[in-house]
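The next block holds one structure in the form of structure tokens; read it before the comments.
The values are calculated or read from the model by the stated rules, or taken from the named source; none is laboratory data. If you're wondering where the values come from, they're calculated on a predicted model, not measured in any experiment. All Cβ positions, even for glycine, are placed from backbone atoms using ideal geometry, and neighbour counts span all protein chains on display. What goes into the accessible areas is simple: the full protein's heavy atoms, side chains included, and nothing from ligands, DNA or RNA. Shrake-Rupley method; radii C 1.70, N 1.55, O 1.52, S 1.80 Å.
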2 protein chains.
Amino acid sequence: MKNKLYMGCFITLEGIEGVGKSTQLAFISDYLKQKNIPVTITREPGGTPISEAIRQLLLAPALTQEKISAETELLLFFAARAQHIDTVIRPALRRGDWVICDRFTEASYAYQGGGRGIDVAFIRDLQQWIQKDLTVDCVLLLDAPVELALGRTRCRHQPDRIEAETQAFFNRARATYLARAKQKANRYHIIDASLSVPEVTSQIQHVLERLIRLVY
Amino acid sequence: MKNKLYMGCFITLEGIEGVGKSTQLAFISDYLKQKNIPVTITREPGGTPISEAIRQLLLAPALTQEKISAETELLLFFAARAQHIDTVIRPALRRGDWVICDRFTEASYAYQGGGRGIDVAFIRDLQQWIQKDLTVDCVLLLDAPVELALGRTRCRHQPDRIEAETQAFFNRARATYLARAKQKANRYHIIDASLSVPEVTSQIQHVLERLIRLVY
């Protein structure tokens, strides 16, 4: 399980909008710190000043009247990711931190692959060129029905460009996440995010306990 | 020679900083208009509002203290290019325009491949995914010794992030351009840009005359 080339452990939180990633990210951070495990918390797209500037381009509801093409969107996500890996993720793993990242490459498969219909082979090529030896140790997929999850986001804030997508788009993204979780069952953990916050937390704690036993 | 899938003709101007691309772009535009050929003039990175926003990220001398990684730079160039192709280049070629573009994919080979040392296979993968059936009919490579070309730019303006690179970087970029011109001699035309403006213009006019005879 342990990432051979690095000392730290790389955990990503995945899932569509409204499944409660932010809340659980805070729980994971607190839980690991209690165990005296050094933690780096970060997010995609973003995590560095340049990648956050790319995030602005990607998520601004109406930067211009121009529609961003699906391929441009995918390449911007990977541009931000390349910078994030070099500047934040690899250095943190090398110094032994556990890196907890709010979304990573699996989101490109779900959103740009499943959601927008981009050829999976293109995403896989980009992943190999950019990640090289870097692999995720544990993907926590927070899963809930689309209607339930989107219902939770509606009361929060003005939706960004991707949050404003159709329900059909999120259905395709969710289906892609679930299909990949089946294919990669050794790394993916499906968390039932339709339950209450304490129940979701408890499922995640269970996964973290097993992971700590494996690593230490 | 004619681009089979499109009516228009796709010409790109390539070369390092200071070889006189802007001056010659204006000449080409005027020359083709005199021949009643519909022309779209554009540039990379840029050409659309989103791609111009990406250009800002790429060229701002010091957006942040953070160094943009070579791979992030390459992906940003291709993100801008994908948008530019979809929004400007393909529609213009389809309606029969001749598209004259100040730099295109050959610049990625020269600058990110030669200059930064990125694996050429990565650039080729990106080119195939993004360009698909789109090929350049004629690459006009304005070539001059690096010292001469850079000397011309020094008196112009504050250099952008890439213009501020070392002479060794531009030597590698120029060498890559020349090597690719040899490999792709049917599309590349090397223009001696160390000569006076009228002499450079005359070489380009000669290439355009041949191109017009081939196309019409």
Total residues in region A:47-62, condition open to solvent by less than 60 Å² (accessible area, probe 1.4 Å) and within 12 Å of another protein chain (Cβ to nearest Cβ)
11
Of the residues A:Leu74, A:Leu59, only one is in contact (Cβ under 8 Å) with a residue 60 or more places away in the chain and not aromatic (Phe, Trp, Tyr); which?
A:Leu59
Top-ranked residue in region A:181-209 [being assigned to a helix (DSSP H, G or I) and free of Cβ contacts under 8 Å to residues at least 40 places away in the same chain; ranked as most open to solvent (accessible area, probe 1.4 Å)]:
A:Lys182
By residue number, the members of region B:140-168 that are assigned to a loop (DSSP other than H, G, I, E, B) and at pLDDT below 90 are B:Cys155, B:Arg156, B:His157, B:Gln158, B:Pro159, B:Asp160, B:Arg161, B:Ile162, B:Glu163, B:Ala164
Which ones in region A:130-161 are more than 17 Å from A:Gly20 (Cβ to Cβ) and in contact with a Phe, Trp or Tyr (Cβ under 7 Å, 6 or more places away or on another chain)?
A:Ile130, A:Val136, A:Asp137
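Is it the case that some residue within region B:25-46 is within 14 Å of chain A (Cβ to nearest Cβ), out of contact with any Ser or Thr (no Cβ under 8 Å at 6 or more places or on another chain) and open to solvent by 10 Å² or more (accessible area, probe 1.4 Å)?
no
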I'm trying to understand the selection: among the residues of region B:125-158, which are surrounded by 14 or more Cβ atoms within 10 Å (Cβ to Cβ) and within 11 Å of chain A (Cβ to nearest Cβ)?
B:Asp125, B:Leu126, B:Trp129, B:Ile130, B:Gln131
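Which residue is nearest to the other protein chains (Cβ to nearest Cβ), if the candidates are limited to region A:64-116 and must be among the aromatic types (Phe, Trp, Tyr) and crowded, with 24+ Cβ neighbours inside 10 Å?
Top of the filtered list is A:Phe78.
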Selection from region B:11-24 of residues that are open to solvent by less than 40 Å² (accessible area, probe 1.4 Å) and over 14 Å from B:Cys101 (Cβ atoms)
B:Ile16, B:Glu17, B:Gly18, B:Val19, B:Gly20
Failed criterion for A:Leu178 (all others in (1) among the hydrophobic types (A, V, I, L, M, F, W, C); (2) under 16 Å from the mean Cα position of the chain (by Cα); (3) open to solvent by less than 50 Å² (accessible area, probe 1.4 Å) hold):
(3)
So B:Ala121 passes all but one of these: (1) among the small types (Gly, Ala, Ser); (2) open to solvent by 10 Å² or more (accessible area, probe 1.4 Å); (3) within 23 Å of A:Ser69 (Cβ to Cβ). Which condition number does it fail?
(3)
